[in-house]
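Where a number appears in this text, it was derived from the coordinates with a stated rule and is not lab data. Just so we're clear, the structure is a prediction, and the values are computed from it rather than from any experiment. Cβ coordinates were reconstructed from backbone atoms using ideal geometry, including for glycine residues, and neighbour counts include every protein chain displayed.
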Number of protein chains: 2
Amino acid sequence: MREVAIIGIGITKFGVLWDKSLRDLAVEASIEAINDAKIDHIDSIYIGNYTSGTFIEQEHLAALIADYLGMNPIPSTKIENACASGGVAFKMGFLEVASGSSDIVLVLGVEKMTEVLTPRASYSLSLACDREYEGMNGITFPGLFALVAKRYMYEFGLTRKQLSLVPVKNHKNASKNLKAHFQNLITVEDVENSPLVADPLRLYDCSPVSDGAAAVILMPLELAKNYKNTKPIKISGIGQASDTISIYQRDSLVTFNATIKAAEKAYKMANKEPKDIDIIEVHDCFSIAEICAIEDLGFFPKGKGGEAVEAGLTEIEGKIPVNPSGGLKGKGHPVGATGVAQIVSIVEQLRGEAKENQVKNAKIGLTQNIGGSGSTAIVTILEVI
Amino acid sequence: MREVAIIGIGITKFGVLWDKSLRDLAVEASIEAINDAKIDHIDSIYIGNYTSGTFIEQEHLAALIADYLGMNPIPSTKIENACASGGVAFKMGFLEVASGSSDIVLVLGVEKMTEVLTPRASYSLSLACDREYEGMNGITFPGLFALVAKRYMYEFGLTRKQLSLVPVKNHKNASKNLKAHFQNLITVEDVENSPLVADPLRLYDCSPVSDGAAAVILMPLELAKNYKNTKPIKISGIGQASDTISIYQRDSLVTFNATIKAAEKAYKMANKEPKDIDIIEVHDCFSIAEICAIEDLGFFPKGKGGEAVEAGLTEIEGKIPVNPSGGLKGKGHPVGATGVAQIVSIVEQLRGEAKENQVKNAKIGLTQNIGGSGSTAIVTILEVI
């Protein structure tokens, strides 16, 4: 396999963007990435999108977006792996370049979620769980992750304050990210006074329904080294894994086996360990998910994630900065865009272009993107060459 | 890139299968392919499916099917490229093996379409056209392909009889295929007396709404040569291309540029020309599409496809047998399964296992799978080693 680098990034503002269609968002992020990479052609396109069929009544985005980018007849392919669609699309782009089949690939993640009312958005999102054994019984994702949080509190004595500190940190980071959905600071009291969604999860434990798109350009590392782009970022490791579609089938509610297995593969491929990683973006769809993620990725022992957050170890200036971009909670969670947006955020950091959120001396970064209740997980390790 | 072979195939009965869920169909085809390949493990899964979100209110099939196959934690990925989802999923599996990232990959195509009423099925299918410029104006795919047929008749004098002979042939071939949706023979008169759907297309010009699944197992060719499977089939060429999402944007309504471009790539990669090909499976979603396909793939000059059909050149014993399996019209068209099912049919032929439909001395076969109104096209060339 050839080694692969990221040579361009683009991302739209995330949020409730009623003046922009999915087509607008897809084109905006892609053109930004193409301009950033300073390339004059593309060989292939991969698109991560979750469920445009139910959100905007449009499928076949692969062809639609190739067309709206003016890129016919180059091949274009759409990946759907629930909330991990963007991360898995990135892996497909990586494989195409690594295989030697193409030299320059555009990977785009996009979701347009705010054209429907909230119940419809909840319904669309619930299609990523097991509809016959979970969805049909009325459970949606806040309920599923509430079960995780309840069990985690029971097993490890996680406090409400520790949990609340996750969104507090992520809003603080997002407040300095101009592309983020939210720029407002929140307090522990704000989280604890926000409406109860599914006990113990409150509104501010839940990532928002957002519109947005993110894009990256990939190229073989050897070509990238001699390319006019100033700072190619190497893709050192990618691991993907699956777990049961329903959480009731698992031995543990609080350990996400797909994350563990995906991380093992990514660490092995990159020849890295958690202690080598300077910065991570994880999938905090709900605050409890960030705590489980930093444990399952090997940064803290199981059951100790809450204490780590409380001790400030996951802050930008902490031992391992977690979600310096603001994460899904602060930056927003346009589902199909999220995995690619995480990559964009890490590339900004490794290039030293993260402005007020810059982590000092960030040389190696990691992303963790999950689909459903962790039924798909994909972990990527990026580094400065 | 490593060369890649197909070492196992599986396919369910296609049809209105009210006693089988999508899960059942996916598992049945996959297990048949795994048993056929005589393998004891899989490294990765790719799934072609169009719109399970709107057909059965279930997304995240990648995780669901890995789970129902008992294959956690191996990675599983879903591809959506409208009716070309299966063909493009096959390409992703090819890339993963070719890149060296995995040795044994399962590619599955599946669609469950008959749990909804016909208007809902038409709606779901229409999500593959441009919803804002085509769908919102009330046009669905029979209407789009009727425009193609009307224009083709105007430009080249195609007769109603020539068009009718396409489904007549495909039903004849399907009548000897036990897995086909239809086993009944039809006549030119039957086609011409069937209800008008969108002038000039009648009911028997249109492929049916079907349930079904098909699967293949891929392995590096070098490993496959020494493997216990009796007859590995080599993947010689794959080409994918895109065209405008809407047909009104094109210079010609009767030439499918994505098919032409995809075929150019596949022929070049395989170092083959149309005259080298012994047998083809093409995307006859509507009878006019088969005529355009055999021209765009280079088997007959543009405008001469109808005469070729009338002269019997596309029959099993003809110059170039087209859709010996029965095609989408006779075998059925469970959308996401179709591209993989075409591959399965060609492998059966190249192995000499196609029973009553066997084409004599078939050594090299080609498939053409399109999405939407030809907005995605993927062409694959397979050969006996």
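Looking at the range B:173-182, is at least one residue in a helix (DSSP H, G or I), under 30 Å from residue B:22 (Cβ atoms) and touching a residue at least 12 places away in the same chain (Cβ under 8 Å)?
Applying the first criterion (in a helix (DSSP H, G or I)) to the range B:173-182 yields B:173-174.
Checking which are under 30 Å from residue B:22 (Cβ atoms) leaves us with B:173-174.
Still in the running and touching a residue at least 12 places away in the same chain (Cβ under 8 Å): B:173-174.
Checking the range B:173-182: at least one residue is in a helix (DSSP H, G or I), under 30 Å from residue B:22 (Cβ atoms) and touching a residue at least 12 places away in the same chain (Cβ under 8 Å).
Report, ordered by the first and then the second residue, all pairs with beta carbons closer than 6 Å, sequence separation of six or more or different chains, a first member in the range A:244-259 that is more than 8 Å from chain B (Cβ to nearest Cβ) and closer than 21 Å to residue A:339 by Cα, and a second member that is buried (at least 21 other Cβ atoms within 10 Å of the Cβ) and of a type in the set (Gly, Ala, Ser).
Note: pairs meeting the criteria are A:256/A:374; A:259/A:377.
Could you tell me how many of the residues in the range B:256-299 are out of contact with any Pro (no Cβ under 6 Å at 6 or more places or on another chain), surrounded by fewer than 24 Cβ atoms within 10 Å (Cβ to Cβ) and not in a helix (DSSP H, G or I)?
Qualifying residue count for the region: 5.
Does any residue in the range A:288-314 that is in contact (Cβ under 8 Å) with a residue 40 or more places away in the chain and of a type outside the set (D, E, K, R) come within less than 9 Å, Cβ to Cβ, of a residue that is in a helix (DSSP H, G or I) and surrounded by fewer than 17 Cβ atoms within 10 Å (Cβ to Cβ) six or more places away or on a different chain, and which pairs are these?
A:297/A:274; A:303/A:155; A:306/A:161
Enumerate the helices (runs of 4 or more DSSP H) found wholly within the range B:1-69, keeping only those where 3 or more residues are under 23 Å from residue A:243 (Cβ atoms) and touching a strand residue (DSSP E or B) at 6+ places or on another chain (Cβ under 7 Å).
Details: elements: B:22-37, B:52-55, B:61-68.
In the range B:1-69, B:22-37, B:61-68 are the helices (runs of 4 or more DSSP H) which contain 3 or more residues that are under 23 Å from residue A:243 (Cβ atoms) and touching a strand residue (DSSP E or B) at 6+ places or on another chain (Cβ under 7 Å).
Residues are listed down the side, and each one gets a yes or a no for (1) under 21 Å from the mean Cα position of the chain (by Cα); (2) more than 8 Å from every other protein chain (Cβ to nearest Cβ):
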| site | (1), (2) |
| --- | --- |
| B:16 | yes, yes |
| B:28 | yes, yes |
| B:57 | no, no |
| B:102 | no, yes |
| B:105 | yes, yes |
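Please verify whether the range B:105-122 includes one or more residues that are out of contact with any Leu (no Cβ under 9 Å at 6 or more places or on another chain) and at positive phi.
no
Given the conditions (1) within 14 Å of another protein chain (Cβ to nearest Cβ); (2) under 10 Å from the mean Cα position of the chain (by Cα), report the number of the one that residue A:340 does not fulfil.
(1)
Looking at residue A:248 and the list (1) of a type in the set (Ser, Thr, Tyr); (2) touching a strand residue (DSSP E or B) at 6+ places or on another chain (Cβ under 8 Å); (3) surrounded by fewer than 22 Cβ atoms within 10 Å (Cβ to Cβ), which single condition is not satisfied?
(2)
Which pairs turn up if I take residues in the range A:92-114 that are over 19 Å from residue A:237 (Cβ atoms) and without any contact (Cβ under 8 Å) to a residue 60 or more places away in the chain and look for partners that are among the hydroxyl-bearing types (Ser, Thr, Tyr) and outside any helix (DSSP H, G or I) with beta carbon separation below 9 Å, at least 6 apart in sequence or on another chain?
Once the first residue is over 19 Å from residue A:237 (Cβ atoms) and without any contact (Cβ under 8 Å) to a residue 60 or more places away in the chain and sits in the range A:92-114, its partners that are among the hydroxyl-bearing types (Ser, Thr, Tyr) and outside any helix (DSSP H, G or I) give A:101/A:44; A:102/A:44.
Assuming residue B:219 fulfils every condition listed in (1) within 14 Å of chain A (Cβ to nearest Cβ); (2) crowded, with 23+ Cβ neighbours inside 10 Å apart from one, which condition is it?
(1)
Sort out which residues of the range B:32-54 are surrounded by fewer than 19 Cβ atoms within 10 Å (Cβ to Cβ) and closer than 17 Å to residue B:93 by Cα, and write them in order of number.
Selection gives B:41, B:43.
Could you check residue A:185 against (1) in a loop (DSSP other than H, G, I, E, B); (2) surrounded by 18 or more Cβ atoms within 10 Å (Cβ to Cβ); (3) touching a His at 6+ places or on another chain (Cβ under 9 Å) and say which number it fails?
It fails just one condition, (2).
So which of B:63, B:121, B:89 ends up being of a type in the set (A, V, I, L, M) and facing chain A (nearest Cβ under 7 Å)? Give the steps one after another, and end with the answer.
Values: B:121 fails: facing chain A (nearest Cβ under 7 Å); B:89 fails: facing chain A (nearest Cβ under 7 Å).
Among B:63, B:121, B:89, only B:63 is of a type in the set (A, V, I, L, M) and facing chain A (nearest Cβ under 7 Å).
Could you please find all residues in the range A:360-385 being away from every other protein chain (no Cβ under 14 Å), more than 19 Å from residue A:109 (Cβ to Cβ) and polar (S, T, N, Q)? Show your work before the answer.
First, the residues of the range A:360-385 that are away from every other protein chain (no Cβ under 14 Å): A:360-368, A:381-385.
Still in the list and also more than 19 Å from residue A:109 (Cβ to Cβ): A:360-364, A:383-385.
Result: A:361, single match.
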